[in-house]
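Shown next, in structure tokens, is the structure this report addresses.
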Amino acid sequence: MSDLKFVGKPIVRIDGKEKVSGATHFTDDLEYGSNLLYAALVESTEAHALIKHIDISEAERFPGVIAVFTGKDFPYKFGLYMKDRYIFAMDRVRFVGEQIAAVVSRDKRIAERAAKLVKVEYEALPALLDQMEALKKDATLIHPDLGDYIHVPWFFPQAKTNIAHWRKTRRGDIKKGFAEADYMLEDTYSVPRYSHCPIETHAAVGLCDLSGRLTVWASSQSPHTQRNLFAEALAPLGFTHKDIRVIAPPIGGGFGGKAGVSMEILAAAMATKLRGNPVQVIWSREREFYNTSQRLGVIAKLKIGAKKDGTFTAIDHRLYWDAGASAEYGANVVNAIGLSATGPYRFPIIFIDSVCLYTNLPPCGAYRGFGYSEFMFGLESHIDRIAAYLKLDPVAIRKKNAIKEGDILAYGVPMNPSGLHKAIDAVEKEIEWGKKVKSDDPHKAIGKGFSLIWKAPAMPPNASSAAFVKFSEDGSLNILVSGMDMGQGFLTVMAQIAAEILTVPVSKIRTENPDTDRNPYEWQTVASHVTWSCGNAVKNAAINARDQIFEVIERACVLPKEQLYLEDEKVKCKTKPDFELPLKDFVINGIQAQDGTFRGGPILGKGIFMPEFTSAYSDPETSQGGHPNVHYTVGAAAIILEVDKDTGKMHVKKAVEAIDAGKAINPDLVKGQITGGLLQGLSTVLYEDIRYDDKGKLLNPNFTDYKIPTAKDIPDEIMPIIIEVPQPDGPFGARGVGEHTMIPAAPMIANALQDALGIRIKTMPITQEKVALTYLKNKEK
Amino acid sequence: MSILHDFEYYNPRNIEEVLQLRAEYRDKTRILAGGTDLVVQMKDNIVAPDVVIDIKGIEAFHEITFDENILFIGACVTFSELIESEIIQRYFPLIKEMSLTVASMGIRNRATMVGNICSAVPSADSAPILLVYDADVIVRSASEDRILPITEWFACPKKTTLKSDEIVTGIAIHFPERRHAGCYERLGRYSGEDLAQAGICILAFDDNQYHVACCAVGPIPKRLYHIEEFLNGKVIDQNVIQEAKKIMLNNIFPISDVRASKEYREHMMGIMLQRGLKKAVSRLHGGENA
Amino acid sequence: MPKISLMLNNEERVVDVEPHEILLDVLRDKLGVKSPKCGCDRGDCGACNVLLNGRSVRSCLILAVEVDGREIVTVEGISKDGLSKVQESMIDNNAFQCGFCAPGVIISATELLNNNPHPTREEIKEALAGNLCRCTGYLPILEAVENATKEGNNE
């Protein structure tokens, strides 16, 4: 591992110049020709209603309208883990903003004007805007046919209820676990929905050419999964995977919102009926808020038992998730947390219920953190409170119970190697934990807050990656993969891995954006898993190319393979020091032998990676028996928070975050994830405040009233710490970190506020208003 | 999103043309200066004028002048120009302070102070400053010229007393004779750009007289005369502030909405009154940059 | 349809526009300039920033007809004959992640450095405060702008 030349170095991003010069073209920047059609949507104004009638006649007659589509044109269900949604609403609408129809024209304004002429007649049904309402015994059924839905075998939808999935994890006797405790704390924590807010909204263009071949360009994290879902949904129209191509141009942020399929299927489906014309569907910012996925809301009832010395004895964690009108992706968030809601702690006795409820609000799905930010808010707050009661230091109680390699996880599998304790120690030291800080300003108080971090990728057990590497005549490399760089630096990291194996400098390597025709398979760029999974595939492909190189040298130059090595883009031989052959001389053209004939030819490496040790099969009543998560990435973080006692205004003076990356392939990019992720996390707890009215309409679908931070809202200082306890099956020891960095933000704020002002807030967001008014009420008492 | 309705666009080079168009088309017209309000409203289909009159071609509208102790700010003067103006910096620093709280650079480079008061949103940042200065709104039509005290300008949310054949050509402020200093305190949800959820402007004079005005805590921005009556003649101390807070709560009418609750706005107005009075007085006595 | 004529990235362009057409759309759809992006359509995010007679403005809030006879510079113009100091610094500092906000940020930074060659950190934050970035947490962008000024002259 020593003497690495490219891996572990803070190399400048390979797509930096492109992005800074304006050369990067996102989906809507591409030119689709003068045949381009625009689709304007008709949306539901009701949260829950039967559609009695859709009158499209006026819209159809409007001059310049080419077509009007409704649900009956595409009566096909789709969904990633469960098929519970239609392309356009069919017999009913399930949230305000759900697409009911689309009007297509060559002129954007004509499409939009005509869309206003579509008349929809509804018969209102009771709307459930709260997961606890949806859970009630006689609640209206949002998906009456739930029992018939196709789903992955490790989901447990409850027919004739609004429960889309119920993950139960049980270990030991929970009553006994609490009987052994000296102290028990029970409380409820509530976290609302959040919006991803990528600066680029969702965009998709579908073109079904005159021969019937469908191409979709989409701002997407998951081109191959999208192709798969399109193929499944459009199979009744005669499409299979061979007939569909998905091209994924660079994306302007994803954060999970561009995973799976949401609006892209509209472009795909409509294109099939408008052969020869590209059909564009671009989401406005408003629609980006209310009709893509949101982060699930959760109400978590948590009870933890501990001994006097702080040792945890038992956890009872019941989480009720608001997954919205469709749970095809969101139910996996619920599943993931059902398996991990212990946090990175040892609990001998465990009872977890993670319940996924349908509601009449926008569908929820993957969001950076995948449920972990949501439950860690409550868990890390709760642990601080237990520490306070037991008169123990909050960091000390965490150290006592923090999980170690080999400890048995909630579902029965040993914990992977991890630097959790190293991270805790590093953060404790850097934040000067235990040292009180006072403000010079009499209006202000300063407090410190601590939190641990953990998350595992939540994927099906056969999520795989594949890679090709190919050379060019100048010795440069193209890496063909279908992972997406959504800003995290994936393209660069893959190049660094290939560079290390093949000794070609990163500056001579391109990593290509996905095209399902040309780039091999990647399940999705989610779960913070592509550095690990696709990194392994690229490493394998590079090794495969290297093997071919040594093989042809052995044949053509009569040198033993085992003695060959690569250095500075040349093949060298340990037993023949004066031998060196530059790669560029033969990686396309082959090697000429004495008799003038050539050996070899184009070097083309191939690699795949699929974890063969994971399984989703387990006891549905206890979750014991499977190996659902490949590994956990862990860390720790702390902040110094300054708060104005009168106004409630909060300012983070310093944030320290340590994350165990296994091996930071590019430390600068890992730091980028820490800085960016922390701010996104702080934003969810301090500023973002999603509001619905009592009819299920989103009141603040814009940046005017859903505030994401500006350059003026950043912490004074962020100190990133990279811990490296290698992941044995990771490329050079690497593990993913992209989502993890935002997870500790909310509990750190809650804990720091307790320290600064003595107030405990158990609901998010924790806005300055909430702090000011809570503190005021407390003072009055 | 596109602007769905069709309209005619005029870009006149002199005021007379503007006034003629207004006289002819009246409430079928809208005046376009910075466009940061109007263009959004047209996109949202909140307004759909038949005629848009771009007044940026009128040179006089871009002027900031200070003659014989009267400040004139033309209808097309942007917030950026106010921030950069030496006249404003020297004689009316409160206007610079307020301008820096408006949105961000890209908006301030286009948005105008006159446009801000014409929008007449309850949270208009310009309003409290103009109110404490007793500014005048200069109004012209093809038939009449008027000077309207700012206190008579705001009618109700998003409506002014401007008639449909009139335009605002600028704002005039008499530079106060007595030595004075002020400050503008406003409530936003974070340090980045935000519409004010509460705003208070205080102008303190060296003979212990005070002007106080507010925005975003009632249907229109206004002077808080009851507080002024109470404060006038007094030296600011804790007791005076506490009493002033009570009076203020009887005279502001904030609502609860997605941005802030009534309770928090009231609480914050109290804090901002307190901190604002202290700051204004401190500046008056040379503490901070007046 | 009326014609407008403008200097776009140092080249005179003439284009037919209707009064209702927005400058951002005309730049992107009729004049082939793709760097300004539509992030929110309301002027809240800064992704559509362009320089209009040297000032950074929201092209999503300007009617195309308003820029007749004016000068517009976009990132394409700044990059045309080689990257500016601040752009080079942004590459070296890994300033951006997804890059969608980058053109708008570069316009704001360019305006800042044209008027204030040695801004403080606070001044840089103020100049960039209207550009929303969801990826980076802003720090590497601020550092990149600062580092650009340390090297001396700026374009």
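Report, to the nearest 10°, how far helix B:238-249 tilts away from the longest principal axis of the Cα atoms in chain B, using its own Cα long axis and a range of 0 to 90°.
40 degrees
Exposed loop GluC sites (Glu not before Pro) only (DSSP loop, at most 13 other Cβ atoms within 10 Å): please give the longest stretch of chain B free of them, not including the sites.
Formally, the longest exposed-site-free interval is B:178-287.
Can you pull out the GluC sites (Glu not before Pro) in segment A:474-566 that DSSP calls coil and that have at most 10 other Cβ atoms within 10 Å? Don't skip to the answer; put the middle values down first.
Numbers: sites: A:GLU500, A:GLU512, A:GLU522, A:GLU551, A:GLU554, A:GLU562; in loops: none.
Passing both the DSSP loop test and the Cβ count: no residue.
List every residue whose amide H lies under 5 Å from the amide H of B:GLY182, counting only residues 5 or more places away in sequence or on a different chain, with H placed 1.01 Å from N in the peptide plane.
When sequence neighbours closer than 5 places are left aside, the close amide H contacts are B:ALA204.
Grab the beta carbon distance between A:ASP425 and B:LYS234, set R0 = 60 Å, and tell me the FRET efficiency rounded to 0.05.
Once the sixth-power term is evaluated, E becomes 0.55.
Say R0 is 35 Å: what FRET efficiency, to the nearest 0.05, do A:LEU141 and A:ARG106 get from their beta-carbon distance?
Details: r = 42 Å, r/R0 = 1.20.
The computed FRET efficiency comes out at 0.25.
What are the principal axis extents of the Cα atoms in segment A:636-762, in Å, biggest first?
Taking the Cα atoms of segment A:636-762, the three principal extents are 51, 35, 27 Å.
So what's the back-of-envelope 222 nm ellipticity for chain C, counting only DSSP H runs of four-plus at -39500 (n - 2.57) apiece and dividing by all residues, rounded to 500?
Computed mean residue ellipticity for chain C: -8500 deg cm²/dmol.
Past the 17 angstrom mark, what percentage of all C-alpha to C-alpha distances in segment C:3-78 do you count?
33 percent
Could you give the length gained on full extension between B:LYS28 and B:ASP134, defined as 0.36 nm per residue of separation minus the Cα-Cα distance, in nm?
Between B:LYS28 and B:ASP134, full extension yields 35.0 nm more.
Testing the spin-label approximation: label points 7 Å from Cα along Cα→Cβ at A:ARG518 and A:THR240. State their distance in nm.
Here the answer is 2.5 nm between the modelled labels.
How long is the gain from A:PHE579 to A:LYS175 if the chain were fully straight, where each residue apart is worth 0.36 nm and the alpha carbon distance is subtracted?
That pair, A:PHE579 and A:LYS175, stretches by 138.2 nm at full extension.
Any chance you could give the angle, 0 to 90 degrees and rounded to 10, that helix C:139-150 forms with the longest Cα principal axis of chain C?
80 degrees
Could you point to the residue in A:LEU452, A:THR597, A:SER220 farthest towards the positive end of chain A's charge dipole, with +1 and -1 charges on the Cβ of Lys/Arg and Asp/Glu respectively?
Result: A:LEU452.
From the helices alone, meaning DSSP H stretches of at least four residues, give me the mean residue ellipticity at 222 nm for chain A, per-run term -39500 (n - 2.57), in deg cm²/dmol to the nearest 500.
Value at 222 nm, helices only: -7500 deg cm²/dmol.
Could you line up A:THR622, B:THR65 from fewest to most neighbouring Cβ atoms inside 10 Å?
Fewest to most other Cβ atoms nearby, the residues stand as B:THR65, A:THR622.
Angle between the Cα long axis of helix B:262-284 and the longest principal axis of chain B, 0 to 90 degrees, nearest 10?
80 degrees
Show me the trypsin sites (Lys or Arg not before Pro) within segment A:216-267 that DSSP assigns to loop and that have at most 16 other Cβ atoms within 10 Å of their Cβ.
none
Just to confirm the filter: which GluC sites (Glu not before Pro) across segment A:1-85 are DSSP coil and have at most 13 other Cβ within 10 angstrom of their Cβ?
Details: sites: A:GLU18, A:GLU31, A:GLU43, A:GLU46, A:GLU58, A:GLU60; in loops: A:GLU31, A:GLU46.
Within segment A:1-85, the qualifying GluC sites (Glu not before Pro) (loop, at most 13 other Cβ atoms within 10 Å) are A:GLU31.
What is segment A:622-748's relative contact order, in percent, from Cα pairs under 8 angstrom and six or more apart in sequence?
Values: 196 pairs, mean separation 47.2, N = 127.
Once divided by the residue count of segment A:622-748, the mean separation gives 37 percent.
From a point 7 Å beyond the Cα of C:ASP16 in the direction of its Cβ, which residues of segment C:29-70 have a backbone N at a distance under 15 Å?
In segment C:29-70, the label zone of C:ASP16 (backbone N under 15 Å from the point 7 Å along Cα→Cβ) covers C:30-31.
Rank these for me by crowding, B:THR161, A:THR492, A:THR70, B:THR112, going from fewest to most other beta carbons within 10 Å. Each step should come with its number before you reach the end.
On the way: B:THR161 14, A:THR492 24, A:THR70 20, B:THR112 29.
Arranged by neighbour count, lowest to highest, B:THR161, A:THR492, A:THR70, B:THR112 become B:THR161, A:THR70, A:THR492, B:THR112.
May I ask for the distance between the Cα centers of segment B:118-138 and segment A:623-672, given as a whole number of Å?
One Cα centre to the other: 46 Å.
Between segment B:140-175 and segment A:736-766, how many Å separate their Cα centres?
Between the Cα centres of segment B:140-175 and segment A:736-766 lies a distance of 50 Å.
Using the Karplus curve 6.51 cos²θ - 1.76 cosθ + 1.60 with θ = phi - 60°, work out ³J(HN,Hα) for each residue of segment A:209-219 in order, rounded to whole Hz, and write x for Gly and Pro.
So the Karplus estimates, Gly and Pro as x, are 6, 5, 8, x, 8, 9, 10, 10, 9, 8, 6 Hz.
For Cα pairs less than 8 Å apart in space and 6+ apart in sequence, what is the mean separation divided by the residue count of chain B, i.e. the relative contact order in percent? Walk me through the numbers on the way to the answer.
Details: 599 pairs, mean separation 45.6, N = 290.
Relative CO of chain B lands at 16 percent.
Using a Förster distance of 22 Å, how high is the FRET efficiency between C:GLU122 and C:LYS150, based on the Cβ-Cβ distance and rounded to 0.05?
Efficiency for this residue pair is about 0.85.
Bear in mind these aren't lab numbers, they're just calculated from the coordinates by the rules spelled out. All figures in this text were calculated on a predicted structure; none of them were measured in a lab. Here Cβ is always computed from backbone atoms with ideal geometry, including for glycine, and neighbour counts include all displayed protein chains.
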